[in-house]
Amino acid sequence: KHSVNRPPTPDGAEDQGNEPTLQEIINIKLIESGEKERLMELLRERLIECGWKDEMKALCRSYVKKKGRNNVTVDDLVHLITPKGRASVPDSVKAELLQRIRSFLMSAAL
């Protein structure tokens, strides 16, 4: 039976021969080791430290003030903020996270 809210699940026979991708394997290892949560916490800390979080909050408040509190949904805010937020993450934060991921991969021998 197909759900209205999601696409149909592929038949099991089609999926049996598929190996997980390298990205999926890395993600599983990050989760299992707890490193993903540590990286997320590091990211939160760095984004707060550099003022990124306050910038995004101010952008949201400005948008809500302009449109009116009752005329804005969370989806509207996500749609507005996501591209700007991703583009404004400082390169130093991206580089630090990338280095941590590389170190993890080297120690996990992947």
Measuring from label point to label point, each 7 Å out along Cα→Cβ, what is the L105 to V72 span in nm? 3.8 nm
Filtered hits (aspartates and glutamates, Cα-Cα < 20 Å from K84, offset >= 8 within chain) -> E45, E49, D54, E55, D75, D76
Any chance you could run the full-extension gain for H79 through Q23? It's 0.36 nm times the residue separation minus the Cα-Cα distance, nm to one decimal. 17.6 nm
Exceeding 26 Å between C-alpha atoms, which entries from my cross-link table qualify? They are K36/K65; K65/K94; K29/K57; K29/K94. K36/K65; K65/K94; K29/K57
Using a 1.4 angstrom probe on heavy atoms only, work out the carbon and sulfur share of the accessible area of the stretch 61-106 in %. 55 percent
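The values are calculated or read from the model by the stated rules, or taken from the named source; none is laboratory data. Computed from a predicted model, the values in this text were never measured in an experiment. Cβ coordinates were reconstructed from backbone atoms using ideal geometry, including for glycine residues, and neighbour counts include every protein chain displayed. SASA here: full protein model, heavy atoms, side chains in, ligands and nucleic acids out. Shrake-Rupley method; radii C 1.70, N 1.55, O 1.52, S 1.80 Å.
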